[in-house]
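Here's the structure we're looking at; comments come further down.
The values are calculated or read from the model by the stated rules, or taken from the named source; none is laboratory data. From a predicted model like this one, the values you see are computed outputs, not experimental measurements. Cβ: placed from backbone, ideal geometry, glycine included. Neighbour counts: every protein chain shown.
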Amino acid sequence: MKKFDPEKELLKVQNNKQSFFNSSKLSNIYVPLLVIACGILSIVGVTFSIKLTTDSVDTYKIKVDILGTENSVYEKNVSEGAFRDTIKTSGTFGSITCTSGNLTYDALTSTLSSVYVNEDTYCILSFVDDGAKNISFNELLKINDNTGVSYYYKGDANNNYIKINDTLFRIVRINGDGSLRLILNDVILSSNYGSNNNYINSNLQATLNNWFNSTFNNESYLKATDFDYTNYDIVDEVDNLINMEGYYVNYVGTLSVKEVSIITKDLTYSYLDTANGILLMNGNGPDNVWTLKKNSLTSSSINDILNVRPVICVDATITSGDGTLEDPYLIS
């Protein structure tokens, strides 16, 4: 049996106490340091988490060209997700068309919105002048022109009659600026081009100007607008009525071959047609001119005498009528 040594046992106890004391001193130093380190790591973790969350939400650009009575551009960078904003402008809402992304416009609340934006978005938001607000746009077709998005009637329309100064016209289209492009309903004029197929200084131009000057007297609702007289050898598929060159601004002209092409497309009958055809504003090659005969675009000699139908533009408010022959639109 091992003999108990009091002095050795006392020394062990003293050594254990000293070891515990030293350990306690180290704990007093390291525990606060550990707490501080954990706090720092926690802050870094939160910061990283916030940055990670921010980086995971992409931003996209929304651009809207606002066309109509006061052309402008709306641009905004938005985060991925639902979008809603207010756009107020004068005039009556016409349409919204997007080439990328998808936006809707609520005319009652003037609100532009999207359920979810996840790509760059470009749209055209068009308004029409209040003067045309009594016209139903649901049945009209859209096409771009020099001043915005225009709306046109097909050649078989029977609700586009309008009377001005007791003279009956047909609404060809509502221009991008909200004015109305009208063609005389009755055929009362005839002419040829004359020496060449350039509309400027032609017999056709003189005939139209003479009619206008004898019919109107500086009425404030009349509006000068662009008329296309480009010499087209071939009329390709018409996707717009934007005239970059070969047009002039005047109070009177007649239809262009492009206008007739879109108005009569896929139709066997058109209110534009007449018994022996109508002259159009455009030359066709070096020696001929474009005409509409038997509802088909064709070429005629510069010397051929054909019917002439004047076209004017008015900027006025439609006050009554439903556009039918029995109850044509009237302007203020």
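Observations, loosely collected:
- Residues of region 96-127 satisfying the condition of being over 21 Å from Ser150 (Cβ atoms), in a strand (DSSP E or B) and of a type outside the set (D, E, K, R): Ser100, Thr104, Thr111, Leu112, Ser113, Ser114, Val115, Tyr116, Val117, Thr121
- Region 274-290, subset without any contact (Cβ under 8 Å) to a residue 60 or more places away in the chain and within 23 Å of Asn158 (Cα to Cα), residue surrounded by the fewest Cβ atoms within 10 Å (Cβ to Cβ): Ala275
- Within region 170-187, considering residues that are at pLDDT below 95 and surrounded by fewer than 23 Cβ atoms within 10 Å (Cβ to Cβ), the one nearest to Leu330 (Cα to Cα): Asp186
- Looking only at region 213-260, residues that are free of Cβ contacts under 8 Å to residues at least 12 places away in the same chain, outside any loop (DSSP other than H, G, I, E, B) and either buried (at least 17 other Cβ atoms within 10 Å of the Cβ) or hydroxyl-bearing (Ser, Thr, Tyr) (or both) come to 1 in all.
- Enumeration of residues in region 265-292 that are aliphatic (A, V, I, L, M) and either outside any loop (DSSP other than H, G, I, E, B) or in contact with a Pro (Cβ under 9 Å, 6 or more places away or on another chain) (or both): Ile278, Leu279, Leu280, Met281, Val289, Leu292
- Filtering Ile278, Ile262 for residues that are among the β-branched types (Val, Ile, Thr) and within 26 Å of the chain's Cα centre (by Cα) leaves a single hit, Ile262.
- Residues that are among the hydrophobic types (A, V, I, L, M, F, W, C) and within 17 Å of Gly176 (Cβ to Cβ), drawn from region 64-121: Val64, Ile66, Leu67, Val73, Phe93, Ile96
- Failed item in (1) in a loop (DSSP other than H, G, I, E, B); (2) farther than 16 Å from Val238 by Cα; (3) in the same structural domain as Asn218 (by TED's automatic domain parsing), with Gly155 passing the rest: (2)
- The residue that is farthest from Thr264 (Cα to Cα), among those in region 151-169 that are crowded, with 21+ Cβ neighbours inside 10 Å and touching an Asp or Glu at 6+ places or on another chain (Cβ under 9 Å), is Ile164.
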